[in-house]
1. What net charge do the residues around residue A:67 carry, taking every other residue with its C-beta under 14 Å from that of residue A:67, with Lys and Arg at +1 and Asp and Glu at -1?
2. Let me have the relative contact order for the stretch A:62-172, percent, based on Cα pairs under 8 Å that are six or more residues apart.
3. Treat the count of other C-beta atoms within 10 Å as a stand-in for reagent exposure and order B:136, B:111 from fewest to most.
4. Tell me which cysteines of chain B come out unpaired when the rule is another cysteine's Cβ under 4.7 Å.
5. Once you've got the Cα coordinates, tell me which of A:88/B:5; B:5/B:161; A:103/A:148; A:156/A:238 are over 25 Å apart.
6. Hey, what did the stretch B:4-61 get for relative contact order, percent, Cα under 8 Å, at least 6 apart?
7. Arranged from highest to lowest average of other beta-carbon atoms within 10 Å per residue, in what order do the peptides B:77-83, A:332-338, A:302-308 appear?
8. In whole angstrom, note down how far apart the Cα centers of the stretch A:112-155 and the stretch A:156-178 are.
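Just so it is clear, none of the values below were taken in a lab; they were calculated from the coordinates. Fair warning: this is a prediction, and the values are worked out from it, not measured in the lab. Glycine also receives a Cβ, built like all others from the backbone with ideal geometry; neighbour counts cover every protein chain displayed.
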Amino acid sequence: MMYNNEHFEPVITKFVNEPGCETIEFYISKENGYKALEKALKMKPAEVVEEVKKSNLRGRGGAGFPTGMKWSFMPANPVDANGNPKPKYLVCNADEGEPGTFKDRLIFTKTPHKMIEGMIIGGHAIGSNKGFIYIRGEWFKESRLMQKAIDDAYAKGFLGKNILGSGFDFDLVIYLGAGAYICGEETALLNSLEGKRGEPRLKPPFPAQVGAYGMPSCVNNVETFAAVPYILDKGWEKYAKMGTERSGGTRLIGVSGHVNKPAVYELPMNLSINEIIEIAGGVKGGKLKAVIPGGASAPMLTAAECDVKTDYDSLAKAGTMAGSGGLIVMNDSVNIVEATYTLLKFYEHESCGQCSQCREGSHWLARMFHRILNGGGTQEDLDYIAKICGNMAGQTICAFADAVTGPALSSIKKFRSEFEELVMKGGLKGIGREQSISHRVEGAHV
Amino acid sequence: MLSEKIKNTINGIRPQFPTEQALLLPVLHLIQDEYGWVSEESMKSAGEFLNLPLSKVKEVASFYTMYKLHPQGKVDLQICTNISCWLNGADKLVACAEKRLGIKCGETTKDGSFTLSQVECLAACGTAPALMLNEDYYESLDVPKLNEILDQASKDLAAGKVVGKTTRKEGVWP
């Protein structure tokens, strides 16, 4: 399938269905692996940064920040107060946990060397000799696979001292998180990497000035790093051409929920949500009702709105976001208030608690939705939801509070009649539905 | 007292990190792995080993969901009930597990075999519903598959086997 884009080819997933694709031997022999690194090491760091800038690669973790620009923020020769040079760190954010997102896990298990190669190139570009891979703690198996891949890369001389005779040294270290969604936020991740509570930091200073262990640091997502070898190997033009004017390359879209073929699909960005659902086998068990296009934090869209294209700018124009590429499909058997409560109880649990707007707000929202579902909701509650959201978004240290308001606000804005029905008829019982067993308050998160 | 195994492992990775505190998450993971939970006593030892005040250890241990501050069952059964799993029938798995084990989420069976809980998104949404049994993921589940998993786990426990865990080599982390 050409997806109406003559330039498109898979950058990351081309070989993920072949046996042995995760091994270094496969990567070198079939995927021209570590050739981009060889090329990059012959270039000046600034030239590598320029190449990535021109490719229009944007961060794949959720915020979509231009990667080349992020790299260019790193100071060239940072020194401490005594004039001694400071180390710089490159950090890979592998704390994948945005509900609906499961693309990085595919890279970890099927093509880890792409990410490793991307990190070594990144290290050369920003002048760092050490990279940390921060992996969510639940990935016991995945972290061992990644460690094996790292060990293999050391054995072949792609990591360690004097890589490929270039004089450039680079080490990679794995760090395991311990079950906290907020650690996907880059400054929370840095705190966690330092062995502290994963609480986001006030910015400025930005990580490029004061990052991990107080040193200049650059944090990028797994998929972002995995795209870098292609850009160096095939040239920025080819990568940029595949995308839109302001965003190069392909995207990994994880389609889940009510579709016949849920999976990660590597796609060009000029497809609409409806077309992507078609690629994922169509809606399962009913008609399309709503879609969350970019991970749980992205405001949801109604079925009528799903003609929108999935590049960053089109989705932003539609009042939602491309986020982490997790596309969650819901059919018409779903009660939107229940579905949204599923997300809100998650946010309530995961708020780090630093800012009162977020700590209290996420709690109140979850409680109000619970009350509405169980027959205790009032018409007033419905207006309060928007009010609480207004006091959360943009009022806190990090974007978590904004993320909570994504599903909360969009659900009541677009599906208000379902809320009103629950209020008038006395909750789920009144409309002949049973309470979800996972929505009991007691023990929900213990 | 921390075991020699934990100390040796931490000493092995110490040169990779610029600060002592960076070793706190790994130490707590290793404690959890060895004892099944993180006790006040073990937090004290962790603090002494890394030269950190107990308050620092506690604030970190209590922040992260994976560090259990109370004794757990031998098998920690965590069912994901977040959106994609919920849409694909996670509730049926929770109902089945609760009925079979005779406990609710957040509880441990009387014989100390199983702890049941709901867990937040495991990044396995494409193969929903999913669960974690100690360190192992199980995906694309339904009730019959869950029953099989629990049958096997019960059998392994009765035979005195370790369930869903890889034995760590000393000095290696992760």
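1. Working: positive: A:53, A:54, A:58, A:60, A:70, A:246, A:251; negative: A:50, A:51, A:186, A:223.
Here the charged neighbours net out to +3.
2. 26
3. Details: B:136 15, B:111 9.
Ordered from fewest to most neighbouring Cβ atoms within 10 Å, B:136, B:111 come out as B:111, B:136.
4. B:96, B:105, B:121, B:125
5. Numbers: A:88/B:5 32 Å; B:5/B:161 21 Å; A:103/A:148 20 Å; A:156/A:238 29 Å.
Table pairs above 25 Å Cα-Cα are A:88/B:5; A:156/A:238.
6. Working: 38 pairs, mean separation 16.5, N = 58.
In percent, rounded to a whole number, it is 28.
7. Values: B:77-83: 26.9, A:332-338: 18.1, A:302-308: 15.4.
My ranking of the peptides, most packed first, is B:77-83, A:332-338, A:302-308.
8. With the stretch A:112-155 and the stretch A:156-178 each reduced to a Cα centre, they are spaced 8 Å.
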